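Right, one structure below, let's go through it.
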Amino acid sequence: MVHNDPITQEIVRNYLHRVAEDMETALVRSAYSIAIYDSKDFACGVIDSDCNLLAQSVAGTPVFANNLSNAVEATYDSLGEEELEPEDVILCNDPYLGGGSHGNDVTCLFPVFVNRKLIAFTAVKGHVLDMGGAHPSGYQTNTTEVFQELFRVPPVKLFRRGEINRDVERLLVTNIRLPNEVMGDIRAMVAALKVGGRRIEELVSKYGLENYRDYVQNILNQSEQQARSKLHELPQGTFEGEYFLDGDGDDEHPISKKLRVHMKVTIKENEFLIDLRDSSDQSAGPMNSPKSNTISYAKYAFKSLVDPLSLINDGFFRPLKVEVRRGSIFDPIPPAPVNLWLETPHSIVDLLFKVLSPIMPQRVIGGTFGSDVIDFIYGEDKDNRFFVLVDTLQGGWGGTPLFDGITAYAVCEGNVSYPMTEMLEANYPLEVLRWELIQDSGGAGKFRGGLGVRRDYRMLCPCHITFCYERSKYSPPWGVLGGKDGSTNIVVLNPDSENPVSHSKVTHFPLEKGSVISFRTGGGGGYGNPLERDASLIQRDSTLGYISKKYASDYDVVPPK
């Protein structure tokens, strides 16, 4: 039978991923905000009618794609599958009902019908500049309930049979500070959805509906078999470890301190269990991760460890089990705040590698800088136009079994890019003073941790800033297998003044015109004993300015002048 042809099956598999990448291209070309078209803070995916992720775009944010299936499930629960019609567009952002992260991450879904049968969804999730809340950004560090954070939208029909729902549009526009930019980005998402929908229709037209469905099931089953075969290569047993998050609230008014992240990993022949139930109770502040988001990060960690190079779909994750405790930081009870949804589950990836480093040294890396290190700068420019800058920064990854850690790269599960200097200065009232690698920031090791980054701005108008730089206190980017820790994340206000002030978490902090704000990200942890490092690599690092002579003493070597 045609649908058992393995060559055609691979064509279909790769076609589905090409659909997601075509959606990505359409979105980037038509988006309004720098967060999407330059930083790539989004994900595009294809999902079947049974809520299985079939493909995701390469660029953007991997953990967003893993959340898309949850949005389809929430749509079925809220609206009902029978209520969906051709050319509908579903929109949601509620962290507890289809959103999965925080309110500024908006998900849009497009149901694809063939012969009046629902066969798939194209899906886009992207960060928009505002969705209401007490202050612009959706990343406030001091909220105490989700109602302070955003305008919550459960799954609703933004378009009904191809016609925009003006009531929903008015509700959105009324509750956001930048309606032109936000609605422009949402329209770009809709355009991307329709590009993907047409591609799926063309695929089904070519191979037939029943053959298409058989191919999809075969692809999911094959990915499951691939994951289970990879599990057989891992040592079996139970392994555990923990570390502590700094907490939430502002620096001067903390809400929760030293939140515990505890992980127990059990590896069996056909199952991989990540147990987070012994972690801290949910925070009174926003350092909480909704359950669907926690599972997304666990999927990312599992994929990175077991088989990082193969194409992703939900079949691969069938051997993975994730256990969380209701009422904990990994499964909070509404209306618990969730603005810092990224910071808590970052720990899942890093901690998994740390826990397994003694038994799988060739599969793990040292700790990464481990925080989303996003800042939000907002106010009115000299022409009295309101602006919001969503500004991402990157840091150092841990050393690896074969080479030094990656320098100045996105947090591992984020994959967003830097806004370009020219783009920043052309669109926002600021001047970029410095953008450089931080000497000595990577942890020493046989393979050194990657370096962190420093970027300084001078503000050209009065404004406010909100940011969260986690892992500044209790848990620096750790070294593994004898490697040393990397430097921590920190922000310094007016660094060259007589009284520079350091911060890690602030909300709606005022900046005067002429203020200089210096963002400094951590380096990665080292891998292996520093005394085993090749002397030529130490000399190279010294020549390039990556390390100082003082730092070189960690290797018991002083490079020549």
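Restrict the check to the range 548-559 and report whether at least one residue is within 30 Å of Pro136 (Cβ to Cβ) and buried (at least 16 other Cβ atoms within 10 Å of the Cβ).
Looking only at the range 548-559, we keep the residues that are within 30 Å of Pro136 (Cβ to Cβ), and these are none.
No; the residues of the range 548-559 include none that is within 30 Å of Pro136 (Cβ to Cβ) and buried (at least 16 other Cβ atoms within 10 Å of the Cβ).
Please pick out the residue among Gly442, Gly450 that is over 22 Å from Thr61 (Cβ atoms) and crowded, with 24+ Cβ neighbours inside 10 Å.
Gly442
Find the strands (runs of 3 or more DSSP E) located wholly in the range 227-334 whose residues include 2 or more that are modelled with pLDDT under 95, and list them.
Once the strands (runs of 3 or more DSSP E) in the range 227-334 are filtered for at least 2 residues that are modelled with pLDDT under 95, what remains is 237-249, 254-267.
Go through (1) buried (at least 22 other Cβ atoms within 10 Å of the Cβ); (2) modelled with pLDDT of 95 or more for His102 and report which single condition fails.
Checking His102 against (1) buried (at least 22 other Cβ atoms within 10 Å of the Cβ); (2) modelled with pLDDT of 95 or more, the one that fails is (2).
Report, by residue number, each residue of the range 72-98 that is without any contact (Cβ under 8 Å) to a residue 60 or more places away in the chain and crowded, with 24+ Cβ neighbours inside 10 Å.
Val72, Gly98
Looking at (1) modelled with pLDDT of 95 or more; (2) in contact with a strand residue (DSSP E or B) (Cβ under 7 Å, 6 or more places away or on another chain); (3) buried (at least 24 other Cβ atoms within 10 Å of the Cβ), can you tell me which one Thr407 breaks?
Tallying (1) modelled with pLDDT of 95 or more; (2) in contact with a strand residue (DSSP E or B) (Cβ under 7 Å, 6 or more places away or on another chain); (3) buried (at least 24 other Cβ atoms within 10 Å of the Cβ), Thr407 fails exactly one: (3).
Which condition does Ser39 not pass, out of (1) among the hydroxyl-bearing types (Ser, Thr, Tyr); (2) part of a loop (DSSP other than H, G, I, E, B); (3) farther than 24 Å from Phe376 by Cα, if it passes all the others?
All conditions are met except number (3).
Quick check: anything in the range 423-435 of a type in the set (S, T, N, Q) and closer than 21 Å to Val492 by Cβ? Even if it seems obvious, please write down each step before you answer.
Step one: of the range 423-435, the residues of a type in the set (S, T, N, Q) are 427.
This time we only want the ones that are closer than 21 Å to Val492 by Cβ, so: none.
Checked against the condition, which is being of a type in the set (S, T, N, Q) and closer than 21 Å to Val492 by Cβ, the range 423-435 yields no hits at all.
Between residues in the range 420-435 that are touching a residue at least 60 places away in the same chain (Cβ under 8 Å) and outside the structural domain of Gly514 (by TED's automatic domain parsing) and residues that are among the hydroxyl-bearing types (Ser, Thr, Tyr) and part of a strand (DSSP E or B), which pairs lie under 7 Å by C-beta distance while being six or more apart or on different chains?
Listed pairs, sorted by first residue: none to list.
How do the pairs read when you match residues in the range 5-21 that are outside the structural domain of Ala123 (by TED's automatic domain parsing) with residues anywhere that are in a loop (DSSP other than H, G, I, E, B), using Cβ under 6 Å and keeping only pairs 6 or more apart or on different chains?
Pairs that qualify, where the first residue is outside the structural domain of Ala123 (by TED's automatic domain parsing) and the partner is in a loop (DSSP other than H, G, I, E, B): there are none.
Looking at Leu97, Leu91, which is the one that is closer than 15 Å to Thr122 by Cβ, in the same structural domain as Tyr207 (by TED's automatic domain parsing) and not small (Gly, Ala, Ser)? Break it down into steps so the answer makes sense when it comes.
Working: Leu97 fails: closer than 15 Å to Thr122 by Cβ.
Of Leu97, Leu91, the one residue that is closer than 15 Å to Thr122 by Cβ, in the same structural domain as Tyr207 (by TED's automatic domain parsing) and not small (Gly, Ala, Ser) is Leu91.
Can you tell me how many residues within the range 358-391 are buried (at least 23 other Cβ atoms within 10 Å of the Cβ) and of a type in the set (S, T, N, Q)?
Residues that pass the stated criteria total 2.
With the checklist (1) touching a residue at least 40 places away in the same chain (Cβ under 8 Å); (2) over 30 Å from Leu352 (Cα atoms) in hand, flag the one item Asn494 doesn't pass.
Among (1) touching a residue at least 40 places away in the same chain (Cβ under 8 Å); (2) over 30 Å from Leu352 (Cα atoms), Asn494 violates only (1).
Determine which member of the set Leu68, Leu97 is under 14 Å from the mean Cα position of the chain (by Cα) and not small (Gly, Ala, Ser). Spell out how you get there, then give the answer.
Values: Leu97 fails: under 14 Å from the mean Cα position of the chain (by Cα).
When all the criteria are applied, what remains is Leu68.
Every residue in the range 334-352 that is in contact with a helix residue (DSSP H, G or I) (Cβ under 7 Å, 6 or more places away or on another chain) and within 22 Å of Gly396 (Cα to Cα), please. Step through it out loud before you land on a result.
Let us first name the residues in the range 334-352 that are in contact with a helix residue (DSSP H, G or I) (Cβ under 7 Å, 6 or more places away or on another chain), namely 334-338, 341, 345, 348-349, 352.
Those that are in contact with a helix residue (DSSP H, G or I) (Cβ under 7 Å, 6 or more places away or on another chain) and within 22 Å of Gly396 (Cα to Cα): Trp341, Pro345, Ile348, Val349, Leu352.
Identify, from the list Tyr212, Tyr297, the residue that is of a type in the set (Ser, Thr, Tyr) and within 26 Å of the chain's Cα centre (by Cα). Don't jump to the end; show me each part of the working.
Values: Tyr212 fails: within 26 Å of the chain's Cα centre (by Cα).
Exactly one of Tyr212, Tyr297 is of a type in the set (Ser, Thr, Tyr) and within 26 Å of the chain's Cα centre (by Cα), namely Tyr297.
Return the pairs, sorted by first residue and then second, in which the second residue is surrounded by fewer than 21 Cβ atoms within 10 Å (Cβ to Cβ) and modelled with pLDDT of 95 or more, the first residue lies in the range 503-532 and is farther than 20 Å from Gln439 by Cβ and among the acidic types (Asp, Glu), the beta carbons are less than 7 Å apart, and the residues are 6+ apart or on different chains.
Glu512/Pro462
What are the residues in the range 383-400 that are at pLDDT 95 or above and hydroxyl-bearing (Ser, Thr, Tyr), if any?
Once the filter is applied, which keeps residues that are at pLDDT 95 or above and hydroxyl-bearing (Ser, Thr, Tyr), the range 383-400 yields only Thr400.
Would you check which residues across the range 135-153 are touching a residue at least 60 places away in the same chain (Cβ under 8 Å) and surrounded by 18 or more Cβ atoms within 10 Å (Cβ to Cβ) and list them?
Residues of the range 135-153 touching a residue at least 60 places away in the same chain (Cβ under 8 Å): 135-149, 153.
Within the range 135-153, His135, Pro136, Ser137, Gly138, Tyr139, Gln140, Thr141, Asn142, Thr143, Val146, Glu149, Val153 qualify.
Among the residues of the range 301-316, is any in contact (Cβ under 8 Å) with a residue 60 or more places away in the chain, over 22 Å from Thr368 (Cβ atoms) and crowded, with 23+ Cβ neighbours inside 10 Å?
yes
Here are Glu422, Glu498, Glu470, Glu436: which of them is charged (D, E, K, R) and surrounded by 24 or more Cβ atoms within 10 Å (Cβ to Cβ)? Step through it out loud before you land on a result.
On the way: Glu422 fails: surrounded by 24 or more Cβ atoms within 10 Å (Cβ to Cβ); Glu498 fails: surrounded by 24 or more Cβ atoms within 10 Å (Cβ to Cβ); Glu436 fails: surrounded by 24 or more Cβ atoms within 10 Å (Cβ to Cβ).
Answer to the check: Glu470.
Identify the residue in the range 105-134 that is among the β-branched types (Val, Ile, Thr) and closer than 15 Å to Leu178 by Cα and, among all such residues, is surrounded by the fewest Cβ atoms within 10 Å (Cβ to Cβ).
Within the range 105-134, the first condition is being among the β-branched types (Val, Ile, Thr), and the residues that meet it are 106-107, 112, 114, 119, 122, 124, 128.
From the residues that got through so far, the ones that are closer than 15 Å to Leu178 by Cα too are 106, 128.
Numbers: Val106: 23, Val128: 30.
Result: Val106.
Quick one: how many residues across the range 119-134 are closer than 15 Å to Val153 by Cα and aliphatic (A, V, I, L, M)?
Taking the range 119-134 first, the residues closer than 15 Å to Val153 by Cα are 125-128, 130-133.
Checking which are aliphatic (A, V, I, L, M) leaves us with 128, 131.
Qualifying residue count for the region: 2.
Is it true that Leu53 is within 27 Å of Glu181 (Cβ to Cβ) and touching a helix residue (DSSP H, G or I) at 6+ places or on another chain (Cβ under 8 Å)? Before you say what the answer is, go through the steps one by one.
Values: within 27 Å of Glu181 (Cβ to Cβ): no; touching a helix residue (DSSP H, G or I) at 6+ places or on another chain (Cβ under 8 Å): yes.
So Leu53 fails the test.
The values are calculated or read from the model by the stated rules, or taken from the named source; none is laboratory data. Keep in mind that what you see is a predicted model, and the values were worked out from it rather than measured. Every residue, glycine among them, receives a Cβ derived from its backbone with ideal geometry; neighbour counts consider all protein chains shown.
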